There are 4 protein chains.
Amino acid sequence: MSTCRYSRLMTDDILAFAQRIFDNQPFSRYLGARLEGVEDGVVRIQLALRPELLQQHGFVHGGVLSYLADNALTFAGGIALGGEALTSEFKINYLRPARGVLLTTRAWPISTSRRQSVCTCEVSCTSEDGESTIVAIAQGTIVTVS
Amino acid sequence: MSTCRYSRLMTDDILAFAQRIFDNQPFSRYLGARLEGVEDGVVRIQLALRPELLQQHGFVHGGVLSYLADNALTFAGGIALGGEALTSEFKINYLRPARGVLLTTRAWPISTSRRQSVCTCEVSCTSEDGESTIVAIAQGTIVTVS
Amino acid sequence: MSTCRYSRLMTDDILAFAQRIFDNQPFSRYLGARLEGVEDGVVRIQLALRPELLQQHGFVHGGVLSYLADNALTFAGGIALGGEALTSEFKINYLRPARGVLLTTRAWPISTSRRQSVCTCEVSCTSEDGESTIVAIAQGTIVTVS
Amino acid sequence: MSTCRYSRLMTDDILAFAQRIFDNQPFSRYLGARLEGVEDGVVRIQLALRPELLQQHGFVHGGVLSYLADNALTFAGGIALGGEALTSEFKINYLRPARGVLLTTRAWPISTSRRQSVCTCEVSCTSEDGESTIVAIAQGTIVTVS
């Protein structure tokens, strides 16, 4: 649904820019999230699971999934807008309990104007067997930082 | 907007039940959140701010606010439903950058049926001067764990 | 939760301004909705029920409730912003089936900056007996028309 | 993103079932919407534009778009769930003003369990020149009617 508007060269620059911002987010470092790539406008953020990220039944805490959605939406929107941005609002649906070893979030822009980008996002969970299942979807508005 | 349906005795029991669940959430402990109270169906969760919870500009990371909203909604809904529950979906609007020393989240049920409760939530941030400002609002659906 | 920022005089001017816009909405006239009042920043829109507004089981169609939420949010935000505005996004939770004679929507701003207002909204349904029940809540972002 | 789980035969049955429900919705008839097809789980609803469906600037009223999103989500979820269903909640982002001759809404399930289906939806507007532009996206929860 997203359209590629980025050449390889642009993508490299954008990735470096996004990576610099990501590395300066104490909360992302605290959780252990990593910005893994930006390809054709699709941002990919991953987070290796560990006990601190779970809730009372051993599943991933919803707050971890909402952090991933929020952050992936921000970066997808910021890249589409061509600069620093922040999530103004989003909505998340949890689809099933997440249990496994790795969370992968992909987010991409649906429609971008001068000052805002509406983006969508999927969070998947990879089990120990390497099977990946979608566990949440999100949709939100990202705005430029003035 | 919420209606009190709990006597003092019930509230004590419910608070103990909710506290037990909360204490068994590794992610809530990792962030340092505390279930501070349940009064007339309103759940109050607090989180003292520290550098690990911030984003690249020194404001609270949106993911921290969305964790608080998610978790407060879950507990408000669970208490209204009278048992363990989980957030099925929610939507959050960030209102302004959050900077200060303490986050306080209050969530309460608007409408509860046998299997689900629709709840609403406010997140406020207290500055060093003790001034409190609302920084996010959220609305979501909480369902019973079957 | 909303704060009164309007004197009686301002409210009269604002109501006249809002009424003019409302009266120019063909869709609102087609459905039969009426802007009933603006008081202390709270907008009230009503819609008398008739067979055309129902779904297959005789309840109000969800699209009627979402129209009311969308429109009441727009007017609440526009009044808070002091000019013409549009709903950028919103989220609605349906709480129970709506059946009766009259729908009443109340919307008010939670937080307003120079260019946008985050508002919240309740839709109630009045039965033939005159009993009123909340049937939906909504939350959304209203932005100025540039 | 949606997966085809329907054979041609099933699709015919489902379409007939969905068509029957759709035809019994007074509000859909009042607006002039038509259930145009169900293919591989994707529901398509169309609505020819006419003056009654507009707002004060000659664009489609947001409430018309939210009706389309609500209804397409309901049918996509109902078909995925295999029976009558209703939209429990949804969120819509308006992407740009809609002006033209025809609205087309496509909705499909992302994840379906026994009692609920989380679906996503796009609304497009076709101009007089036959050009189609996406004007809104939505995401919501559809539940079985018990």
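The values are calculated or read from the model by the stated rules, or taken from the named source; none is laboratory data. Every value quoted in this text rests on a predicted model; they were computed, and no experiment measured them. Methodologically, a virtual Cβ is constructed for each residue, glycine included, from the backbone with ideal geometry; neighbour enumeration extends over all protein chains shown.
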query = Can you name the residue in region C:80-108 that is farther than 21 Å from D:Ala69 by Cβ and surrounded by 24 or more Cβ atoms within 10 Å (Cβ to Cβ) and is also modelled with the lowest pLDDT among such residues?
reply = C:Ala80
task = Kindly provide the set of residues from region C:59-87 that are out of contact with any Asp or Glu (no Cβ under 9 Å at 6 or more places or on another chain) and hydroxyl-bearing (Ser, Thr, Tyr), ordered by number.
result = C:Tyr67, C:Thr74
remark   = When B:Val101 is run through (1) in contact with a helix residue (DSSP H, G or I) (Cβ under 7 Å, 6 or more places away or on another chain); (2) over 20 Å from A:Lys91 (Cβ atoms), the failure sits at (1)
remark   = Within region D:108-137, residues aliphatic (A, V, I, L, M) and more than 8 Å from every other protein chain (Cβ to nearest Cβ) come out as D:Val123, D:Val135, D:Ala136
query = Taking strands (runs of 3 or more DSSP E) that fall entirely within region A:32-98, which contain at least 1 residues that are within 7 Å of chain B (Cβ to nearest Cβ), in contact (Cβ under 8 Å) with a residue 40 or more places away in the chain and of a type outside the set (Gly, Ala, Ser)?
reply = A:85-94
request  = Quick one: A:Ser146 ticks every box in (1) facing chain D (nearest Cβ under 9 Å); (2) at pLDDT below 95 except a single one, so which number is it?
outcome  = (1)
request  = Working only within region D:119-146, note down all residues that are free of Cβ contacts under 8 Å to residues at least 24 places away in the same chain and either part of a strand (DSSP E or B) or surrounded by 16 or more Cβ atoms within 10 Å (Cβ to Cβ) (or both).
outcome  = D:Glu122, D:Ser124
